[in-house]
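The values are calculated or read from the model by the stated rules, or taken from the named source; none is laboratory data. The shown structure was predicted, so the numbers you read here are calculated from the model rather than taken from an experiment. A quick note on method: Cβ atoms are made from the backbone with ideal geometry, for glycine too, and the neighbour counts reach across all protein chains shown.
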Amino acid sequence: MALNIIDDTQKVSLGPSKDGTYAKAQGGTEMMAKRISDIVERAGLSDQVNVIHSRVRHIDPAKKNILVCHDLWNDPESLHLKDPELRKRFDKIVFVSNQQFQTYHLALGVPYGESAVIRNAIDPIELTESKPTDRVNLIYHTTPHRGLELLVPCMEELAKIHGDNIHLDVYSSFNAYGWAERDVPYEGLFQRIKDHPQMTYHGYQPNHIVREALKQAHIFAYPNIWQETSCIAAIEAMSAGCEVVCPNHAALYETTAGYATMYQYDENQMKHANVFINELNATISHRIHSKHVPEKLEPAKQYIDQQYSWDLREYEWKRLLKDISL
């Protein structure tokens, strides 16, 4: 099995708007930003609170300023938080997972007292139909730099074993952020998917299309190589009743809460791929030969739908807004 490791270092020229999001982007950060803005508006605090997402471009001296960190601690846009004076610009610094906060605390010295953890959220995915039983459907539905270059060669090998019993749908493109130029290093990888009878490349699709695809999927195959601060893709997959196969990398353990088929991450990508393909093969074989839905999937969905619901998140946000407004 040959791995084609892609060096994804292209710069993007389009800058963020005042709230830190990108105008043309439809990624997870932008989905969260829109819903948080709606919560602030419903609380009647739009004229009192300024919420900034990751990239600080505008501090409003007449409002309470909240910084929501979606990125890694070592992102250049995050490094200003090491300076206690610069942190004073914010009335609260919010993180999307406890694991993410701990990295900021240990690496940048961001204090507990200046912080809050309010995790991401989704609308639960209603399962209205049974998943197909004639084959095992796998899905990858996040940007390509997070592990697609490991997944494709693994899938090519697994297709030799399982043939028409498996199929992989790939919803992956930087067009989710309006950054088509960042897809260029992955064009060869996308073509391999298009050329393979057991794989389908869908490019970027709106979230509602992906959510429908998840209803037909059995396994979110995710050999993650990019440190997640949370993982909305995994959250939605679990809500849709999918088994998640992923490493214990960064925030994935916290996000999946022990319900994933999880293996030890390895910095060596060849070793990582070898472990992943064995775990994924075992998961596929179990679904093919037993036709038995893993018992953990139902409680996993219940956990996700409760703990990552917007009802709970709105309560937590309103409590925070009340605390900083006192």
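A few remarks follow.
- K131 falls short on exactly one of the conditions (1) farther than 30 Å from K322 by Cβ; (2) modelled with pLDDT of 95 or more, and that condition is (2).
- Of all residues in region 200-219 being in contact with an Asp or Glu (Cβ under 8 Å, 6 or more places away or on another chain) and over 16 Å from P132 (Cβ atoms), the one that is surrounded by the most Cβ atoms within 10 Å (Cβ to Cβ): V210
- Within region 85-101, tally of residues that are farther than 14 Å from D323 by Cβ and in contact (Cβ under 8 Å) with a residue 40 or more places away in the chain: 6
- With respect to the conditions (1) touching a residue at least 40 places away in the same chain (Cβ under 8 Å); (2) under 26 Å from R211 (Cα atoms); (3) surrounded by fewer than 14 Cβ atoms within 10 Å (Cβ to Cβ), K34 lacks only one, and its number is (1).
- The single condition from (1) within 17 Å of N278 (Cα to Cα); (2) surrounded by 20 or more Cβ atoms within 10 Å (Cβ to Cβ) that I161 fails is (2).
- Among the candidates E243, E228, residue that is within 15 Å of the chain's Cα centre (by Cα) and buried (at least 16 other Cβ atoms within 10 Å of the Cβ): E228
- Identification of helices (runs of 4 or more DSSP H) wholly contained in region 248-326 with 3 or more residues that are surrounded by 14 or more Cβ atoms within 10 Å (Cβ to Cβ), touching a Pro at 6+ places or on another chain (Cβ under 7 Å) and β-branched (V, I, T) yields no element.
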